[in-house]
1. Any idea which of 49, 56, 135, 64 is more than 30 Å from residue 180 (Cβ to Cβ) and more than 23 Å from the chain's Cα centre (by Cα)?
2. Do we find that residue 194 is in contact (Cβ under 8 Å) with a residue 40 or more places away in the chain, under 19 Å from residue 120 (Cα atoms), assigned by TED's automatic domain parsing to the domain that holds residue 308 and not in a helix (DSSP H, G or I) in this structure?
3. Is it true that residue 123 is crowded, with 18+ Cβ neighbours inside 10 Å, in contact with a helix residue (DSSP H, G or I) (Cβ under 9 Å, 6 or more places away or on another chain) and at negative phi?
4. Let me spell it out: the conditions are (1) surrounded by fewer than 21 Cβ atoms within 10 Å (Cβ to Cβ); (2) touching a helix residue (DSSP H, G or I) at 6+ places or on another chain (Cβ under 9 Å), and residue 207 meets all of them except one. Which number is the exception?
5. Exactly one condition in (1) at pLDDT 95 or above; (2) outside any strand (DSSP E or B); (3) in contact with a helix residue (DSSP H, G or I) (Cβ under 9 Å, 6 or more places away or on another chain) is false for residue 167; which is it?
6. Within the group 367, 350, which residue is modelled with pLDDT of 95 or more, outside the structural domain of residue 40 (by TED's automatic domain parsing) and more than 20 Å from residue 215 (Cβ to Cβ)?
7. Given the options 206, 200, name the one that is assigned to a loop (DSSP other than H, G, I, E, B) and at positive phi.
8. Would you confirm, using the coordinates I've provided, whether residue 24 is crowded, with 21+ Cβ neighbours inside 10 Å, in a loop (DSSP other than H, G, I, E, B), in contact with a strand residue (DSSP E or B) (Cβ under 7 Å, 6 or more places away or on another chain) and in contact (Cβ under 8 Å) with a residue 12 or more places away in the chain?
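The values are calculated or read from the model by the stated rules, or taken from the named source; none is laboratory data. Since we're looking at a predicted model, the values are computed, not measured. Cβ placement follows ideal geometry from the backbone for every residue including glycine, while neighbour counts extend to all protein chains displayed.
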């Protein structure tokens with residue numbers, strides 16, 4: 001434990017995307033300085049940080065030099081190599097910590113940990129060869145074959161409907177280890193965003209209902225309409241995972257609620273999460289401020305929700321017909337626009353999000369969706385670009 005790192009100190013961030021950007025904004029609001037380290041320049045995080053250092057994660061000398069110039073380090077995505085974290089840890093504390101990253105950046109390790117912790121998970125099989133894959137039984141299908149590492153937003157996975165498709169799926173992934181997850185009939189997808197401080201205290205946001213399109217989060221709404229028993233179970237599971245994994249920082253747990261009313265953990269993310277972006281505007285303390293407080297040894301803030309909220313992602317698809325109609329969308333009351341400063345709007349790329357606050361979750365959802373449609377108002381007479389082009 002590093003003790004309290006007071007405002008005025010410097011926080012180092014590994015990774016430079018939108019999560020780092022929103023973390024940095026929260027850190028600077030609390031009076032901290034921020035240095036960011038990533039292979040890119042003019043990044044979403046670098047645009048708001050004090051210093052942006054461009055270097056490869058495997059340049060361990062540069063990593064060590066970076067660590068010497070800060071007081072504490074965190075990361076904004078889980079695909080930072082563990083070797084990089086190990087080097088940082090020789091010089092300065094890093095949170096959530098290499099052990100958390102080691103577990104959560106690898107699907108087999110993650111699911112094995114969850115199962116050993118007594119947490120309900122989607123049925124899975126670890127696969128290390130084509131011969132092992134051929135042993136899959138019919139009752140394990142249909143499913144999804146996923147690479148064990150380096151996958152997100154639907155990348156590194158192939159749907160498998162029958163045993164005839166297993167070999168081609170394995171060759172398509174072109175990896176040495178994978179996990180086969182059986183499809184489950186689910187009613188809803190939900191997430192719990194939670195924070196744990198250095199003193200073991202926990203702050204947990206209520207369940208967030210999520211909707212995905214093409215494996216990418218599209219819409220998040222809270223509070224949920226789940227029965228109190230479901231909400232309590234999800235929160236209790238989150239508390240178990242935070243404690244047994246010894247997380248210091250923010251963790252998101254993604255769940256399926258099955259059609260027969262059971263909760264199954266799908267994935268973990270050891271950082272602030274896309275579904276928690278609405279906490280910036282809808283809660284007393286947002287997920288990014290919680291991360292700052294946790295890694296700096298400060299007391300966690302209140303996770304109280306102030307008003308019902310809905311968030312919709314803005315993907316690069318919206319820019320394909322030209323600049324979105326910001327004036328039309330911003331005319332919607334109780335709306336907040338967050339853009340990430342990315343230079344190129346590509347199809348499927350997260351460019352920003354809208355959050356709407358309302359008197360009910362349903363009204364917030366409808367307003368948010370309408371505001372996103374309004375971004376295309378000036379292009380209404382033009383055909384939408386082919387999303388696969």
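1. From the options 49, 56, 135, 64, the qualifying one is 64.
2. yes
3. Here the answer is no, as residue 123 does not meet what is asked.
4. Result: residue 207 passes all but (1).
5. The number of the failed condition is (1).
6. When all the criteria are applied, what remains is 367.
7. 200
8. Criteria not met by residue 24.
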